[in-house]
Amino acid sequence: MSDQRITTLRNRPTSLAVALVGLLGAAAPAVHAYEVWVTDQSDTGKESGGYLHIYDGAKLAADPSSAKLVQTIDFAGAIGTFCEEATKKAVRRPHMVFFNAKQDHVILSFLSGHVLFMDAATKKPEACLLVGKNAHAAWPTPNENMAITANIADKKFIRIWTDYAARRYWFDPAKDVLDLTAVEGGELPDTAPICPITESSSRYAFVTLRGGGLLVIDVTATPLKVVATLNNHQIEPAGCGGIESGGTMYINSGGGWPVAPLSYYIYALDLTNLPHSISAKLVSHREGRFADSHGMASVGRYVWSADRAGNDIEIIDTFSNLSVGSIDLVTDANRDPAPDLMDVSPDGRYVFVALRGSSPLTGDHKDAHNAQGLVPGVGVIEVEQEGRSGRYKGQTTVSNLKDGKETADPHGIAVRK
């Protein structure tokens, strides 16, 4: 079962078309070397630390089960000391990882409240900022001027200014922190921010909320300004997945919280009337199913959406906004992979997905077990039909054994050229 193929909702292409696709794929030039970075949230120190694992992307794609790590960084080591000296607090739970547009710097957010900036080539830390009790996600804007950050615990949105060339990173608590409790109430019952993302102009941040709804924040304004909202009837709670494709922003709503133990909704946001208003169209849902929408990726003209509970990847055609199929990730080697965040190889031929394993430390409802899987690791999907389908190749395993128990919990993942 390791050679899983898509279950389509439309007829398969003709044999001639398949042959042509095969010939074109064989003629495709080799991609330059790239890396796959994945965070493991499990502790490596006393209530602290975590791992950053780095793989050779081409080798991982070619044979996932035999792929070896190129490098592992223990955040309870020298980088942990760097952060603790800067903030007087130990780092814990490396949750998200993103690269800036030039991919020469990496940003890691920790649930301990830290945002870490590192040189991506040397792996040396340049700054470690404490933004509050929590830093769930720190998203680098495409123009490389900011890293917008969600602090769930304090219900705050933070704008960190970034000057990668000068290695300077800073924020002013008086000007760059937006207290979201100011807009809480009524149809925005809980404004804890989950995942922020900007569109290509780097002006507007789209912020999903734990209690449902969405805020659009003008991140170029000082003070920061909410310019448009959607309420909890228009956007379901607790989304953490967003991707812009063809000028449309796609976001999700997922599970793992008391307000929504299980939840799977995908929305297309119309950006044409910003800053005056925004509208959302529901393009897919899995109501009544054991489903949990989380990670998303843009693959050609298609949006891929991970179902963390349902163990598959849904594929949505952005031309029609219709679901055209799904990729089953269940294999004999891992009957419950729990796919989470995803990223795409530079040539668009492979998608890499974090698989949570048996000990999820975040995003798992205690009764639903929506994020709990079996074997932690990184799954590899070969892209077919320019993103309309895919073939699951299997996974490499991530491990952190403690007293004979597997504690590894892969979550953040990003691809670097």
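What follows is calculated from the coordinates using simple rules that are stated; it is not laboratory data. Here the structure is a predicted model, which means the values were calculated and not measured. Every residue, glycine among them, receives a Cβ derived from its backbone with ideal geometry; neighbour counts consider all protein chains shown.
The figures follow:
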{"item": "Two-site label geometry, residue 71 and residue 335: point separation in nm, points 7 Å out along Cα→Cβ", "result": "3.9 nm"}
{"item": "Cross-link pairs beyond the 31 Å C-alpha cut-off, checked among 123/366; 123/156; 68/402; 124/393; 123/225", "result": "123/366; 124/393; 123/225"}
{"item": "Whole-Hz ³J(HN,Hα) from phi, Karplus 6.51 cos²θ - 1.76 cosθ + 1.60, for the range 94-102, glycine and proline x", "result": "x, 9, 10, 9, 9, 9, 5, 4, 6"}
{"item": "Distance between the range 152-204 and the range 289-312 - C-alpha centres, whole angstrom", "result": "25 Å"}
{"item": "Gap separating the Cα centres of the range 211-271 and the range 314-362, nearest whole Å", "result": "21 Å"}
{"item": "Structure-based [θ]222 nm, the chain - -39500 (n - 2.57) summed over DSSP H runs of at least 4, per residue, nearest 500", "result": "-2000 deg cm²/dmol"}
{"item": "Cα-projected label distance for residue 47 with residue 277, points at 7 Å along beta-carbon direction, nm", "result": "5.0 nm"}
